[in-house]
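Here the structure is laid out as structure tokens; the discussion comes afterwards.
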Amino acid sequence: MLFHGKDLNTYDPWLRNIYLAPVEIETRNGHPEVYIVDGNGSGTGGGRYSIQTALSPELCVDAAGSGTTSGTRMQLYGCNNTQYQDLYFHPENGTVRMYEGTPDELCLTDLTGEGQDGDAVGLSACKGGPEQQWFVSKHGEIVGFHGQCLDVPGGNRQSRQSVQLWECNGWAPAQKWGFTVRR
């Protein structure tokens, strides 16, 4: 099964080492849907998560500068259980939201809207366009616009490192992510 040219049926044993919430793939109306599921194997994939890089599990995806405005870049930062690291996945429409249910609600977005290598990833008003569509691959990648992956530039393990889009390569730890359910 292919989605954005990626084989979703390939088993990657390394995935077990980084995934805190496994994925499940279903086909509906001829289209693959990837869900994050809980430890009991149930769930719709929706819900609140923090996302850790496989490069350094103590670093989470975070809104830079505790930003709550459109244009805020996403970065790696020490996991701290704050609202700036809460991401709400909505597999029914592909959006990943931050500050859900508040006046500050924003969506994870390819900020340039081009889907090219090196595009900045940040937050903007939720409009549902292709630059705000994401899915989690069976390989632990977060795949967005034009099949590009959420990526840590150069595999840099430093706090405050911005994240970007980059061509998915299926093996780089800079494109592998772990998920922790937030209650």
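The values are calculated or read from the model by the stated rules, or taken from the named source; none is laboratory data. None of the values given here were measured: they were computed from a predicted structure. So basically every Cβ, Gly included, is an ideal-geometry build from the backbone, and we count neighbours across all protein chains shown.
Here is a list: 87, 108. Which entry is closer than 14 Å to residue 145 by Cβ, within 12 Å of the chain's Cα centre (by Cα) and surrounded by 15 or more Cβ atoms within 10 Å (Cβ to Cβ)?
Going through 87, 108 in turn, just one is closer than 14 Å to residue 145 by Cβ, within 12 Å of the chain's Cα centre (by Cα) and surrounded by 15 or more Cβ atoms within 10 Å (Cβ to Cβ): 108.
Give the residue that is farthest from residue 61 (Cα to Cα), with candidates limited to residues of region 141-183 that are among the aromatic types (Phe, Trp, Tyr) and in contact with a strand residue (DSSP E or B) (Cβ under 7 Å, 6 or more places away or on another chain).
My answer is 145.
Looking at this structure, is residue 102 surrounded by fewer than 19 Cβ atoms within 10 Å (Cβ to Cβ), in contact with a helix residue (DSSP H, G or I) (Cβ under 9 Å, 6 or more places away or on another chain) and free of Cβ contacts under 8 Å to residues at least 24 places away in the same chain?
yes
Can you name the residue in region 151-165 that is in a strand (DSSP E or B) and out of contact with any Gly (no Cβ under 7 Å at 6 or more places or on another chain) and is also surrounded by the most Cβ atoms within 10 Å (Cβ to Cβ) among such residues?
Among them, the one singled out is 151.
State the number of residues belonging to region 105-115 that are part of a loop (DSSP other than H, G, I, E, B), touching a strand residue (DSSP E or B) at 6+ places or on another chain (Cβ under 8 Å) and not small (Gly, Ala, Ser).
So the count comes out to 3.
Within region 116-145, restricting attention to residues that are without any contact (Cβ under 8 Å) to a residue 24 or more places away in the chain and part of a loop (DSSP other than H, G, I, E, B), which residue is surrounded by the most Cβ atoms within 10 Å (Cβ to Cβ)?
129
Please work out if residue 105 is over 19 Å from residue 48 (Cα atoms) and out of contact with any Leu (no Cβ under 7 Å at 6 or more places or on another chain).
no
Evaluate region 66-73: report whether one residue or more is at pLDDT 95 or above, out of contact with any Lys or Arg (no Cβ under 7 Å at 6 or more places or on another chain), under 14 Å from residue 150 (Cβ atoms) and surrounded by 14 or more Cβ atoms within 10 Å (Cβ to Cβ).
Scanning region 66-73 turns up at least one residue that is at pLDDT 95 or above, out of contact with any Lys or Arg (no Cβ under 7 Å at 6 or more places or on another chain), under 14 Å from residue 150 (Cβ atoms) and surrounded by 14 or more Cβ atoms within 10 Å (Cβ to Cβ).
Examine region 29-45 for a residue that is small (Gly, Ala, Ser), modelled with pLDDT of 95 or more and out of contact with any Ser or Thr (no Cβ under 9 Å at 6 or more places or on another chain), and state whether such a residue exists.
The answer is no; no qualifying residue exists.
With respect to residue 148, is the statement that it is crowded, with 16+ Cβ neighbours inside 10 Å and at pLDDT below 95 true?
Yes.
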